[in-house]
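> Sharing a structure, written as structure tokens. Questions coming.
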Amino acid sequence: MSTGRSADLGGNIGTAVLTLEAPSADHAHVVECSSYQIDLAPTLDPRVGILINVSEDHLDRHGSLEHYASVKERLLAGVQPDGTAVIGVDDEYCAAAAERMAAKGKNVVRISVRRRLPEGIYAENGEIFRATGGKTQPIASLHDIGSLRGLHNAQNAACAAAAALALGLDGVAIQKGLRSFPGLAHRMEQVGRKGSVLFVNDSKATNADSAAQALASFTDMFWIAGGKPKTGGITSLAGFFPRIRKTYLIGEAAGDFARTLDGKVAYEIAGTLDRAVLAAARDAAASGLNEPVVLLSPACASFDQYRNFEVRGDKFRELVLAIPGVAPFK
């Protein structure tokens, strides 16, 4: 909207694509496709196809990480002949997909938040750069955009910038669009503040890899975690434990997570989200820290206590905003 063009959002994000207004030169469809949807779709032919990353998930359906990656790659295979395949190349599966797409003659734009690229778009120290023809130029800055905290959001923003460039927009329009982005519900959503305490809803983090993105974004956290556990638990998150002041465990995973945290991070088994929110808010307020964060990033599915992660996130928001003195984040 900030560019004078309009867009509809649909697909896995919640709105059926066939209910959207028809696309045109000035009206785009931005469609999120889950691996399940890609697997079942007979044809996909986007003008711009984006594959951000591949990490272990949904193996109960796809059987192996290799097959899961191959399903996600089908989105790129259908990119229109004059279109663009935008591919994050910071994991081996996507890097290989970029090579295959380039070999098939696709116009490939590589994205990285781990290293500078000789050709492509990369993020470094809160800035997004475009490298092409031996020259590098800044595209946009992410500094002071609270809704785009963290390396994962830098990757998202870089991919969005690449898509916008492929559709003919310039850096000015991209910067304006990024600054106007309010964030998405349940994805590092800034819910409210009470004094110096920030409350963040990251209910979408249904596995450890997703929770890692949030844990990497803050330094003094009062972390609410747990739910229906997934393979591997939270052992992979040990590198973030020094950032966590205390953990509040809920749901079926509480006992297992407690064993992982024991002797490394202070924790209490709250059992339910309402008790966890009140305890975390109390401890964060009493901590005396400059920027304490009460973070719901469960690293678990929700199905033991909630119908889905959206319902869990909505409940967290409701509980936070019911705390006396909490101001909704604007």
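> For a Förster distance of 30 Å, can you work out the FRET efficiency between the beta-carbons of A216 and A103, rounded to the nearest 0.05?
FRET efficiency, A216 to A103: 0.35.
> Take the alpha-carbon centre of segment 176-238, take the same for segment 72-133, and report the distance between them in whole Å.
Using only Cα atoms to place each centre, the spacing works out to 26 Å.
> Quick check: the angle from helix 273-286's long axis to the longest principal axis of the chain, C-alpha only, nearest 10 degrees?
In the chain, helix 273-286 runs at an angle near 80 degrees to the longest axis.
> Taking 30 Å as the cut-off for C-alpha to C-alpha distance, list the pairs among K72/K230; K135/K204; K72/K204; K204/K330; K104/K230 that go past it.
In this structure, K135/K204; K104/K230 exceed 30 Å between Cα atoms.
> Of T247, A284, I269, which is farthest towards the positive pole of segment 233-312's charge dipole, taken about the Cα centre with +1 and -1 on the beta-carbons of Lys, Arg and Asp, Glu respectively?
Comparing the listed Cα positions along the dipole, A284 ranks first.
> If you take every DSSP beta bridge whose two residues both sit in the chain, what share of them, in percent to the nearest 5, is antiparallel?
Here the share of antiparallel DSSP bridges comes out near 40 percent.
> Taking all protein chains as present, what is the carbon and sulfur share of the accessible area of segment 40-138, in % to the nearest whole number, probe 1.4 Å?
Here it works out to 48 percent.
> Over the chain, what is the mean sequence separation of C-alpha contacts under 8 Å (at least six apart), divided by residue count, expressed as relative contact order in percent?
Relative contact order of the chain: 13 percent.
> Right, another one. Just the accessible area per residue of the chain, please: how many Å² with a 1.4 Å probe?
Ligands and nucleic acids excluded, the result is 49 Å² per residue.
> At a 1.4 Å probe radius, carbon and sulfur cover how many percent of the accessible area of segment 146-255?
Ligands and nucleic acids excluded, carbon and sulfur give 55 percent.
> Can I ask one more? State, as an integer percentage, the relative contact order of segment 176-253 based on alpha-carbon contacts under 8 Å between residues 6 or more apart.
25
> Can I ask one more? Scan segment 239-313 for trypsin sites (Lys or Arg not before Pro) in coil per DSSP, keeping those whose Cβ has at most 13 other Cβ atoms within 10 Å, and list them by number.
Loop-located and lightly packed - K264, R307.
> Here's another thing I want to ask about it. Suppose R0 equals 45 Å. What FRET efficiency, 1/(1 + (r/R0)^6) with r the Cβ-Cβ distance, do H29 and D262 give to the nearest 0.05?
E between H29 and D262, to the nearest 0.05, is 0.40.
> Still on this structure, I have one more. Taking 0.36 nm per residue of sequence separation and subtracting the Cα-Cα distance, how much length would be gained by fully extending the chain between H67 and R5, in nm to one decimal?
My answer for the length gained is 18.6 nm.
> So for segment 246-330, averaging the separation of alpha carbon pairs under 8 Å that are six or more residues apart and normalising by length, what relative contact order in percent results?
It rounds to 24 percent for segment 246-330.
> If you filter segment 105-162 for GluC sites (Glu not before Pro), then keep DSSP loop positions with at most 13 other Cβ within 10 Å, what is left?
The qualifying sites are E119.
> Still on this structure, please answer the following. Run the helix sum for the chain: -39,500 (n - 2.57) per DSSP H stretch of 4+ residues, divided by residue count, reported at 222 nm to the nearest 500 deg cm²/dmol.
-9500 deg cm²/dmol
> How do 220-226, 158-164 rank on mean C-beta neighbours within 10 Å, highest first?
Those peptides, ordered most packed to least, come out 220-226, 158-164.
> A further question on this structure: Counting other Cβ atoms within 10 Å of each Cβ, which trypsin sites (Lys or Arg not before Pro) in segment 98-198 have at most 15 and sit in a DSSP loop?
K104, R114, R115, R116
> Heavy atoms only, probe 1.4 angstrom, no DNA, RNA or ligands counted: give me T231, T15 ranked by accessible area, highest first.
Correct descending sequence by accessible area is T231, T15.
The values are calculated or read from the model by the stated rules, or taken from the named source; none is laboratory data. Quantities reported herein were computed from a predicted structural model and do not represent experimental measurements. All Cβ positions, glycine included, derive from the backbone under ideal geometry; neighbour counts span all protein chains shown. Protein only, heavy atoms only, side chains kept; ligands, DNA and RNA dropped before computing areas. Shrake-Rupley method; radii C 1.70, N 1.55, O 1.52, S 1.80 Å.
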